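A quick write-up on the structure given underneath.
The values are calculated or read from the model by the stated rules, or taken from the named source; none is laboratory data. The shown structure was predicted, so the numbers you read here are calculated from the model rather than taken from an experiment. Cβ: placed from backbone, ideal geometry, glycine included. Neighbour counts: every protein chain shown. Ligands, DNA and RNA are stripped out before the accessible areas are found, and what is left, the full protein with its side chains, is counted by its heavy atoms. Shrake-Rupley method; radii C 1.70, N 1.55, O 1.52, S 1.80 Å.
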Amino acid sequence: MQSQVNTLPELTEIQELFSNQLQTAIQWRQSTAEERSARLKNLRTWIKDHQLEIRKCLWLDFKKPEAEVDLSEIFPVTSEINHALKNLGSWMKPKSVSTPLPMLGTNAKIYFEPKGTALILAPWNFPFNLTIGPLVSALAAGCPTIIKPSEMSPHTSNLISGMIKELFDPKEVAVFTGEVELATSLLKLPFDHIFFTGSPQVGKVVMKAAAEHLTSVTLELGGKSPALIDDTADLNDAAGKIIWGKFVNCGQTCIAPDYILVPETHKERLVMEMKVFLQKFYDPFYKGISHSGDYARIINKRHFTRIKNLLTDAIEKGATLEFGGNFEESDLFFEPTILSGITSEMGVIQEEIFGPILPIVTYKSLEEAIDLINSKPKPLALYYFGKNPATSKKVQKETSSGNAVINDCVLHFLHNELPFGGVNNSGIGKSHGHYGFLAFSNEKGVLKQRVGYNNVTLLRPPYGIKAKQLIASLIKWF
Ligand code: NAD
């Protein structure tokens, strides 16, 4: 199996392929649900037939445990395909809309046409899921696509490249593997839609490039997703859910709880409960977490150093190490780490952690906790743990986040009926299921007027008294 990403393709090769996809985009405008479904079914068959290879590549990329590959890389994609296959017919069906009184005599419908050529730029942290998931939406919507997977997960990226070559003509779907230079070249092309998943910093670069061609964008970004625990929460229940949501994928999850907010009075009990779960999940035989086959590794040295520096910075500034803190650079192993005594000067509370460090911030009043959340850019997700519906509602109403989950975390990613995504700094546009289909579709409103005399004829110049009365009544009544 190849472990290196390909060398940069010639610019002319990219341009030629893009021109071919432009032709496909025109043909695919008329594609039927059956044709689109056939592509999705082929993709599903390939994935199911190559489950072992997908697992192997993710192990080679960052020792991702088999069960986590099945649950968080394969299942979300096959489920996305199944959901699209079940609903594509109704999603594509033109939607009739009611006729407002001033439009009497007309008829209107919304048609869902494919936007056209699409570019998918993907991250490394769920390299199969977050590359192929958006492709499912693009294919459902009828868009030929160029994909650039992440250079940081080369085994999975090369597997994806091979899969696409087997399943599609390059004028339909093509993969280019490479680094920033390649992404920059691709971003110069006038795509009809760009679907980017990655950091807010690079999201800005993508949006600037898209602006050159007025290309629409879906930006799935990151940020600091808080887990707010209130004094009515079941701490044992919350601890188990947070420990799994945080440390699955070694904390390298865009929607992982980034930090915990807990009443001062409940902190000690919460820490104790979390330690029990860490032991149970990752060290049931007391051999040390580094021996667990169920705990992934950091993706590369650069991120390892970044996370190590965050820990050192917090400890130097007075944080208390409640659990973990051990690491082994040669194996890119970083122990699940819990910190308390967090102050606003520490990096762990300023930037997205994107790794296995979980800072606990204590609060005295709910308002204080809400103010802290609102002092930061809007998060991708907000998690509330508590049994008080009024508090839960208050938190929802007084904060803004891409998504929110009550009494659990991370789970909303797998809910096909929910729009997934951020807001402002954590993202623009939504994905998954119908929302993914809409991201790659132009919702074209089509109005049909009758031939000859109609209501609007009365509004033409010269604007006599009758026309003016009619316009005045439009303002008054409609
Ligand atoms: P990244 O932004 O560094 O890279 C993402 C993609 O952009 C890669 O394919 C990369 O090659 C490309 N890229 C990098 N620099 C570029 C540039 N200057 N110009 C053009 N393209 C460039 O992100 P990452 O490190 O792969 O992933 C981590 C980030 O992604 C975190 O912030 C995380 O929260 C976020 N994320 C968000 C979601 C979501 O669904 N909202 C999911 C996963 C990760």
Of the residues that make up the stretch 78-90, is at least one farther than 30 Å from residue 188 by Cα and basic (Lys, Arg)? yes
Subset of the stretch 178-195 (residues that are in contact with a Pro (Cβ under 9 Å, 6 or more places away or on another chain) and hydrophobic (A, V, I, L, M, F, W, C)): 182, 195
Restricting to the stretch 274-321, and then to whatever is among the hydroxyl-bearing types (Ser, Thr, Tyr) and under 20 Å from residue 361 (Cβ atoms), can you tell me which residue is surrounded by the fewest Cβ atoms within 10 Å (Cβ to Cβ)? 312
Among (1) closer than 30 Å to residue 393 by Cα; (2) more than 8 Å from the ligand (Cβ to nearest atom); (3) assigned to a loop (DSSP other than H, G, I, E, B), there is one condition residue 190 misses while meeting the rest; what is its number? (1)
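Table: residues versus (1) surrounded by 10 or more Cβ atoms within 10 Å (Cβ to Cβ); (2) more than 13 Å from the ligand (Cβ to nearest atom); (3) under 21 Å from the mean Cα position of the chain (by Cα); (4) in contact (Cβ under 8 Å) with a residue 24 or more places away in the chain.
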| site | (1), (2), (3), (4) |
| --- | --- |
| 422 | yes, no, yes, yes |
| 428 | yes, no, yes, yes |
| 431 | yes, no, yes, yes |
| 434 | yes, yes, yes, yes |
| 442 | yes, yes, yes, yes |
| 448 | no, yes, no, yes |
| 457 | no, yes, no, no |
| 461 | no, yes, no, no |
| 467 | yes, yes, no, no |
Within the stretch 226-272, residues over 18 Å from residue 129 (Cβ atoms) and within 13 Å of the ligand (Cβ to nearest atom) come out as 257, 258
Residues that are surrounded by fewer than 17 Cβ atoms within 10 Å (Cβ to Cβ) and out of contact with any helix residue (DSSP H, G or I) (no Cβ under 7 Å at 6 or more places or on another chain), drawn from the stretch 245-269: 264, 265, 268
For the list (1) open to solvent by less than 70 Å² (accessible area, probe 1.4 Å); (2) under 18 Å from residue 133 (Cα atoms), I need the number of the one condition that residue 471 fails. (2)
Out of the residues in the stretch 27-51 that are in contact (Cβ under 8 Å) with a residue 60 or more places away in the chain and open to solvent by 70 Å² or more (accessible area, probe 1.4 Å), state the one that is farthest from the chain's Cα centre (by Cα). 29
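Each row is one residue, and each column tells you yes or no for (1) closer than 24 Å to residue 83 by Cα; (2) free of Cβ contacts under 8 Å to residues at least 12 places away in the same chain; (3) open to solvent by less than 10 Å² (accessible area, probe 1.4 Å).
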residue	(1), (2), (3)
141	yes, no, yes
157	no, no, yes
191	no, no, yes
198	no, no, no
210	no, no, yes
216	no, no, no
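Matching residues to (1) among the aliphatic types (A, V, I, L, M); (2) farther than 27 Å from residue 221 by Cα; (3) in the same structural domain as residue 230 (by TED's automatic domain parsing):
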position	(1), (2), (3)
337	no, no, yes
342	yes, no, yes
357	yes, no, yes
365	no, yes, yes
368	no, no, yes
380	yes, no, yes
388	no, yes, yes
392	no, no, yes
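Rundown of residues vs (1) within 24 Å of the chain's Cα centre (by Cα); (2) in contact (Cβ under 8 Å) with a residue 40 or more places away in the chain; (3) outside the structural domain of residue 401 (by TED's automatic domain parsing), yes/no style:
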position: 254; (1), (2), (3): yes, yes, no
position: 259; (1), (2), (3): yes, yes, no
position: 291; (1), (2), (3): no, no, no
position: 301; (1), (2), (3): no, no, no
position: 304; (1), (2), (3): yes, no, no
position: 314; (1), (2), (3): no, yes, no
Candidate set: the stretch 339-395, residues that are farther than 24 Å from residue 268 by Cα and small (Gly, Ala, Ser); chosen: the one most open to solvent (accessible area, probe 1.4 Å): 375
Among the residues that make up the stretch 96-118, is at least one of them within 16 Å of the ligand (Cβ to nearest atom) and modelled with pLDDT of 95 or more? yes
So, restricting to helices (runs of 4 or more DSSP H) that lie completely within the stretch 4-64, which ones have at least 1 residues that are at pLDDT below 95 and not small (Gly, Ala, Ser)? 11-28
Top-ranked residue of the stretch 390-415 - restricted to ones that are in contact (Cβ under 8 Å) with a residue 40 or more places away in the chain and more than 15 Å from the ligand (Cβ to nearest atom), ranked as nearest to the chain's Cα centre (by Cα): 408
For the structure I just gave you, tell me whether residue 324 is within 16 Å of the ligand (Cβ to nearest atom) and either under 26 Å from residue 61 (Cα atoms) or surrounded by fewer than 19 Cβ atoms within 10 Å (Cβ to Cβ) (or both). no
